[in-house]
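The values are calculated or read from the model by the stated rules, or taken from the named source; none is laboratory data. As the structure is a computational prediction, the values presented were derived from the model and not from experiment. Here the Cβ is made from the backbone with ideal geometry for all residues, glycine too, and neighbour counts use every protein chain on show.
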Amino acid sequence: MAQIPKIVNAALAGLKPRQKEVLLARFGMEKGGGAETLAAIGGRLRITRERVRQIEAAGVRLASANVAKNSDASLFVEKMKKFLAARGGVVRRSEAAEYAASLAKGIGPNHVDFFAEASGAWKLYREDGEFHPFYYSSPKELKTAKSFISNWVDYLRAHKNGVLGESYEAHLAGFMKSKPEAASSAGCYLAVAKHVMKNPYGDIGLREWPEIRPSTVRDKIYLVMKKQGEPLHFEDIARHINKAGFSAQIALAPTVHNELIKDDRFVLVGRGMYGLRERGYEPGTAREVIARILKSEGPLRPNEVLAAVAKRRFFKPNTVFINLQNRSHFERMSDGRYRIRES
């Protein structure tokens with residue numbers, strides 16, 4: 001296995017000391033050092049940013065010729081080109097660096113960046129708000145990858161409920177049927193995109209969805225309650241939020257309680273207990289809940305009323321039965337069933 005210092009030295013052979021210094025600093029190839037900006041190098045060398053850029057450009061041109069002449073460097077570049085080509089011409093920087101480490105001892109991501117620039121065989125896409133840093137073979141492959149990702153994001157937005165309620169993988173498989181040409185590269189394309197992520201519960205979807213990356217306390221409450229599937233005390237909700245680890249910020253029980261009160265998605269179903277309205281839990285007094293049940297389902301026997309109420313609220317059985325005795329609102333029929341008293 002080739003040694004990276006040997007390959008780098010060959011690439012920098014014949015360069016002026018300042019050119020070497022600038023390239024080593026710009027690409028962070030010195031041991032223990034990180035890549036430096038033009039401004040940082042200029043300040044240290046007491047020259048302008050533009051002058052640093054000129055020195056860098058001249059150094060890269062000379063290094064490019066050296067890489068083409070050196071057998072170890074040329075072999076490394078050729079293997080990296082094939083690695084990218086086999087993955088559709090787009091590979092996340094961290095994955096490419098792992099492969100590069102199998103080719104040359106001591107190599108790191110910054111070295112790969114340097115050989116990309118010196119050889120021109122692939123390009124570095126620097127990290128931004130939408131993508132992790134990655135390498136691409138040419139503008140054509142970059143365009144193809146971005147188009148695939150854009151189409152997949154549009155699909156996810158149009159099928160949000162299905163993706164969250166069923167299976168991300170199943171939807172991706174269905175989507176790929178219309179993109180057979182990208183079948184072997186889809187994983188690489190999606191690996192570089194920040195658009196899709198996984199929440200602490202293993203659900204995969206767009207990072208813009210609060211069910212995937214909840215940013216507010218209310219969103220975190222909703223996701224926790226949806227996943228737990230049953231009413232919870234507000235203190236338990238706070239504990240579940242902190243256990244999930246959505247962020248480093250600790251959720252305080254009083255804060256959670258305040259948010260539960262403000263949002264009508266959450267229904268107080270018992271002392272300090274809250275359930276999701278979408279799961280059938282209803283607000284109101286025992287009398288109001290009973291009235292809604294009898295109005296929608298018609299006359300019911302006491303035990304039937306009790307069972308129906310239990311699906312909506314946490315009232316003690318005696319509370320339900322006592323309210324049924326309220327003759328101002330309910331009346332007992334001859335067959336033992338109760339109905340709403342007509343005014």
Mind telling me which of the residues Phe330, Phe314, Phe246, Phe321 ends up being under 30 Å from Val224 (Cβ atoms) and free of Cβ contacts under 8 Å to residues at least 60 places away in the same chain?
Phe246
Taking the conditions exactly as written (under 20 Å from Asp219 (Cα atoms) and among the hydrophobic types (A, V, I, L, M, F, W, C)), does Ala253 satisfy them or not?
yes
Which pairs turn up if I take residues in segment 169-187 that are assigned by TED's automatic domain parsing to the domain that holds Ser147 and within 20 Å of Glu141 (Cα to Cα) and look for partners that are at pLDDT below 85 and surrounded by 10 or more Cβ atoms within 10 Å (Cβ to Cβ) with beta carbon separation below 8 Å, at least 6 apart in sequence or on another chain?
Met176/Ala182; Met176/Ala183
If you go through segment 241-253 one residue at a time, do you hit one that is surrounded by 14 or more Cβ atoms within 10 Å (Cβ to Cβ) and of a type in the set (D, E, K, R)?
no
So which helices (runs of 4 or more DSSP H) stay within segment 140-213 end to end and still have 1 or more residues that are of a type in the set (S, T, N, Q)?
160-165
In this structure, is Gln54 in contact (Cβ under 8 Å) with a residue 60 or more places away in the chain and either out of contact with any helix residue (DSSP H, G or I) (no Cβ under 8 Å at 6 or more places or on another chain) or not basic (Lys, Arg) (or both)?
no
